[in-house]
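Student: First, the structure itself, so that you have it in front of you.
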Amino acid sequence: MNDPKAIRKTADVTDDRAIRAALVRKRLRHHRERNDTLLIHELGLVHARSRIDLAVINGVVHGYEIKSEQDSLSRLPSQLEVYRQTLQKLTFVVAEKHLSSVLMRVPRWCGVLLARRGPRGALHIETVQKASRNPDLNLFLMAHLLWRDEAQEILAGWGADKAKLRSPRAVLYREVVCGVSESRLTALIKAAMMQRSAWRDHS
């Protein structure tokens, strides 16, 4: 026979799936309803060197990383190294057990949301620290969000010759970011992503 106490304890755990669902439903719902905004699950960064659990792409690329009760923080330093170079905003969504440690270890510009159960078992998402713009962004690494053919298409539209378009991928990214502003690069990335079909990451 199932133990009612064990069932109740399992239901109270703030696991990744529960936090992700609550985050999308309670905090990101308005983004899902907009045609000019992308909500992407498990977005690969710097060609899958790391992944961010959720990314919202509109005027900025804002990543949301979940740290549930079942997660450890062992990968946090390596994740942060990638996130701070590729995301314009970054918010951690954490279970209560990780809150103090995450606040101590992440930069002040990172947002922090607390996911915890209310007295009736509902999962609430509370703002602890608001996200601000990332001062460490690396436009070259951010440009890796473009696929190779997308970078080629952008450069071809700018008049690049065929020899340049056959350059290694890193060279193409350098050419794309040369002389463009952060906001312009964001617009190029968003436009390219909006055109993708059968994209695994696209919600």
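Student: Going by the structure shown, is residue 91 among the polar types (S, T, N, Q) and out of contact with any His (no Cβ under 8 Å at 6 or more places or on another chain)?
Tutor: No, not satisfied.
Condition check ((1) within 12 Å of the chain's Cα centre (by Cα); (2) open to solvent by less than 60 Å² (accessible area, probe 1.4 Å)) across all residues:
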| residue | (1), (2) |
| --- | --- |
| 37 | no, yes |
| 44 | yes, yes |
| 49 | no, no |
| 59 | no, yes |
| 65 | yes, yes |
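Student: Further question: Residues that are open to solvent by 30 Å² or more (accessible area, probe 1.4 Å) and not β-branched (Val, Ile, Thr), at least 3 per element: which helices (runs of 4 or more DSSP H) completely within segment 85-203 meet that?
Tutor: It comes to 99-105, 148-157, 162-165, 169-177, 182-195.
Student: Between residues in segment 172-188 that are without any contact (Cβ under 8 Å) to a residue 60 or more places away in the chain and residues that are acidic (Asp, Glu), which pairs lie under 9 Å by C-beta distance while being six or more apart or on different chains?
Tutor: Hits for this filter: 188/150.
Student: Residues to consider are 118, 179, 111, 157; find the one that is out of contact with any helix residue (DSSP H, G or I) (no Cβ under 7 Å at 6 or more places or on another chain) and at positive phi.
Tutor: 179
Student: Within segment 99-121, is even one residue over 18 Å from residue 68 (Cβ atoms) and among the aliphatic types (A, V, I, L, M)?
Tutor: yes
Student: Here's another thing I want to ask about it. Can you tell me which residues in segment 63-84 are assigned to a loop (DSSP other than H, G, I, E, B), out of contact with any strand residue (DSSP E or B) (no Cβ under 7 Å at 6 or more places or on another chain) and not acidic (Asp, Glu)?
Tutor: Just the residues of segment 63-84 that are assigned to a loop (DSSP other than H, G, I, E, B), to begin with: 68-75.
Retained after the next criterion (residues that are out of contact with any strand residue (DSSP E or B) (no Cβ under 7 Å at 6 or more places or on another chain)): 70-72, 74-75.
Listed by number, the residues that qualify are 70, 72, 74, 75.
The values are calculated or read from the model by the stated rules, or taken from the named source; none is laboratory data. As the structure is a computational prediction, the values presented were derived from the model and not from experiment. Using ideal geometry, Cβ is built from the backbone for each residue, glycine included, and neighbour counts are taken over all protein chains shown. Keep in mind that these areas ignore ligands, DNA and RNA; they rest on the heavy atoms of the full protein, side chains included. Shrake-Rupley method; radii C 1.70, N 1.55, O 1.52, S 1.80 Å.
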